[in-house]
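A.B. asks: Sharing a structure with you now.
The values are calculated or read from the model by the stated rules, or taken from the named source; none is laboratory data. All figures in this text were calculated on a predicted structure; none of them were measured in a lab. We place every Cβ from the backbone using ideal geometry, glycine too, and count neighbours over all the protein chains shown. For accessibility, only protein heavy atoms count, side chains too; no ligands or nucleic acids. Shrake-Rupley method; radii C 1.70, N 1.55, O 1.52, S 1.80 Å.
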Amino acid sequence: MHPHGAPGHPHTHGVPLPADVPVTDGDERGFAWYAGDHHIHTTFSRDAMYTVDDQVRRGHEHGLDWMVVTDHGGPDHAKQSVALQTPLIAEARRRHPVLVFQGMEWNIPGAEHATFIAPDHERTPQLLQEFERRFDGDVVAAVQNPGGPRLVEHSVEGGPAAEQLGLDAIAWLVDQIARGTVDEALVLSNHPMRTGRVSPSKVRGWRDAAPGVFVGWEGAPGHQAAALPAPLGRGRGRGQYDERPGRWSFPGYDLDQYRTWGGFDAATARMGGLWDSLLAEGLPWWITANSDNHFDHGDTVRVGHLDREHYVRHGHRGEPVETGVPQHGYVDFAPGAYSRTVVGAVRRDYRAVMAALREGRVFVVHGGLVRAVEARVRPGGEGPGVTFGARTSVRRGGDVEVELLVDPATEPNPSGQVPRSARWDVIVGTVTGRVRDRDLWEAPGTRVVESFEVSPRAVGRQRFTTTLRGVADPLYVRFRGSDGRHARPDGHPEVDRIGDSDPWDDLWCYTNPVFVDVG
């Protein structure tokens with residue numbers, strides 16, 4: 001059988017920063033970087049073809065330290081798939097040195113999808129099954145309208161009742177954690193701008209209903225090979241972002257909001273856009289990136305049972321079958337081969353990875369553009385400073401030193417190139433507080449305060465510094481890097497072209513912000 005993806009580069013599990021780089025945050029906790037992927041499908045999804053062991057093995061080959069199996073929720077999945085999958089995840093944990101979370105891709109009533117991450121806990125399967133049966137949009141639709149359309153108007157597809165059901169789901173999950181069913185859980189919105197159904201007010205509602213549980217979204221979606229032109233690709237939008245406004249789409253978005261920008265969701269990549277409007281409220285909302293893997297571009301296998309009735313009866317699609325013919329209509333890269341969410345965790349275990357995601361100590365990177373990147377934000381230029389996801393404070397009118405440390409790539413990525421970053425931007429936004437207009441999706445004051453050009457002759461770790469002088473108002477600082485090949489002259493990403501965007505020729509890295517309060 002085809003190995004399901006290009007060979008990975010040498011493992012860099014838990015890449016520590018070099019010894020002379022500070023590795024403590026404001027609480028004096030050391031950490032190392034661990035790469036992962038929180039959105040992966042297996043044969044237990046109605047539209048995917050790799051086994052649990054396939055996916056975990058391939059993630060390890062591509063250097064992942066942790067991954068979350070997130071098969072689609074739905075009526076047929078809810079019958080038996082979680083129970084059938086549970087022992088296979090346990091076996092994969094024994095076979096491979098990877099942290100394997102058991103999760104689910106939740107069909108959010110009235111919106112899009114979300115990753116539901118649960119810890120390594122004996123009650124996790126029970127929690128997943130009950131949550132899916134109560135609150136998955138497709139399951140609820142099937143109960144409300146047996147034999148009818150998959151989505152039911154005004155109850156699951158859109159409208160106030162659907163939105164409330166999504167909030168009820170989050171409230172139920174928070175209550176289960178309080179009751180001790182499991183001790184924690186995380187939710188992250190998947191491909192939020194793909195259909196326009198995720199309005200700004202819905203995001204604010206999720207965030208406010210479950211602080212520390214519903215913590216962010218995919219800053220960059222999977223399906224990154226979708227925009228390769230035919231006949232070598234499907235010729236769609238990168239990330240399969242090529243929709244137009246529909247009946248339940250938020251009417252305030254323009255068409256560019258439905259496209260990726262340098263492979264990143266417009267809500268993240270559009271400076272001064274929806275992500276910045278959320279951060280300007282001074283509350284955490286984090287980004288990730290992942291593969292959303294179903295079918296590897298160019299692979300030679302297909303689903304084991306083309307007959308969908310097999311999935312309905314058995315809850316899975318069976319072992320993949322070798323065809324000997326590369327499938328260029330497939331749109332994904334293997335877990336870890338292209339997209340990575342890299343967390344700064346205090347140790348390599350399930351709780352520490354979840355804590356890092358919850359706290360936003362994360363950078364996301366495409367195509368192995370960098371090995372590691374870390375910020376140090378120091379009020380008054382003193383102390384070790386804080387890094388991504390943290391909060392610090394400065395006296396009014398004081399200065400804040402910003403340091404960025406970049407460890408460049410040293411090995412070829414699966415496309416055969418050793419990528420190089422060409423530019424790094426320091427992006428600052430003013431924290432103006434909570435907003436009255438819950439559908440606000442712009443923060444026009446967000447700006448690039450400093451850009452650093454990287455010499456093509458540079459070798460080894462790169463260090464960039466700047467100082468924010470006379471800080472009078474609370475702010476946040478975030479960072480963005482690129483290979484420069486498809487950046488606009490001002491450094492911002494281009495809107496990706498449908499059917500003509502090679503993901504390997506347009507690589508970016510984004511970080512979560514650091515908040516700076518003024519005292």
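A.B. asks: Kindly evaluate residue 386 against the criterion of being under 26 Å from residue 334 (Cβ atoms), touching a residue at least 24 places away in the same chain (Cβ under 8 Å) and among the β-branched types (Val, Ile, Thr).
C.D. replies: no
A.B. asks: For the condition open to solvent by less than 10 Å² (accessible area, probe 1.4 Å), without any contact (Cβ under 8 Å) to a residue 12 or more places away in the chain and among the aliphatic types (A, V, I, L, M), what is the one hit in 334, 372, 345, 352?
C.D. replies: 352
A.B. asks: Run residue 192 past the list (1) surrounded by fewer than 20 Cβ atoms within 10 Å (Cβ to Cβ); (2) closer than 27 Å to residue 486 by Cβ and report the number of the one that doesn't hold.
C.D. replies: Residue 192 satisfies every listed condition except (1).
A.B. asks: Okay, moving on. Aliphatic (A, V, I, L, M), in contact with a Phe, Trp or Tyr (Cβ under 7 Å, 6 or more places away or on another chain) and in a loop (DSSP other than H, G, I, E, B): is that true of residue 193 in this structure? Show your work before the answer.
C.D. replies: Numbers: aliphatic (A, V, I, L, M): yes; in contact with a Phe, Trp or Tyr (Cβ under 7 Å, 6 or more places away or on another chain): yes; in a loop (DSSP other than H, G, I, E, B): yes.
The answer is yes for residue 193.
A.B. asks: Need the failing condition index for residue 457 against (1) under 26 Å from the mean Cα position of the chain (by Cα); (2) open to solvent by 40 Å² or more (accessible area, probe 1.4 Å), just the number.
C.D. replies: The one condition residue 457 does not meet is (1).
A.B. asks: Sort out which residues of segment 468-494 are surrounded by 15 or more Cβ atoms within 10 Å (Cβ to Cβ) and in a strand (DSSP E or B), and write them in order of number.
C.D. replies: Of everything in segment 468-494, those that are surrounded by 15 or more Cβ atoms within 10 Å (Cβ to Cβ) and in a strand (DSSP E or B) turn out to be 468, 471, 475, 476, 477, 478, 479, 480, 481, 482, 487, 493.
A.B. asks: So which residues in segment 387-416 are within 18 Å of residue 286 (Cβ to Cβ) and open to solvent by less than 10 Å² (accessible area, probe 1.4 Å)?
C.D. replies: The answer is 387, 388.
A.B. asks: Moving on. What residue, among those in segment 418-449 that are over 24 Å from the mean Cα position of the chain (by Cα) and not β-branched (Val, Ile, Thr), is most open to solvent (accessible area, probe 1.4 Å)?
C.D. replies: 436
A.B. asks: Considering only segment 366-455, give the strands (runs of 3 or more DSSP E) lying wholly within it that have at least 1 residues that are more than 28 Å from residue 31 (Cβ to Cβ). Break it down into steps so the answer makes sense when it comes.
C.D. replies: On the way: elements: 370-379, 391-394, 398-408, 423-430, 447-453.
Hits in segment 366-455: 423-430, 447-453.
A.B. asks: Sticking with this one: For segment 190-238, how many residues meet the condition of being among the hydroxyl-bearing types (Ser, Thr, Tyr) and under 18 Å from residue 259 (Cα atoms)?
C.D. replies: 2
A.B. asks: Could you tell me which numbered condition residue 467 fails, if it satisfies all but one of (1) touching an Asp or Glu at 6+ places or on another chain (Cβ under 6 Å); (2) within 17 Å of residue 269 (Cβ to Cβ); (3) of a type in the set (Ser, Thr, Tyr)?
C.D. replies: Only one criterion is unmet by residue 467, namely (2).
A.B. asks: Taking only pairs six or more apart or across chains, which ones have beta-carbon atoms under 8 Å, a first residue in segment 285-298 that is under 17 Å from residue 211 (Cβ atoms) and outside any strand (DSSP E or B), and a second residue that is open to solvent by 10 Å² or more (accessible area, probe 1.4 Å) and of a type in the set (D, E, K, R)?
C.D. replies: 285/207
A.B. asks: Search segment 215-274 for residues being open to solvent by 10 Å² or more (accessible area, probe 1.4 Å) and polar (S, T, N, Q), and hand back the single one that is nearest to residue 510 (Cα to Cα).
C.D. replies: 240
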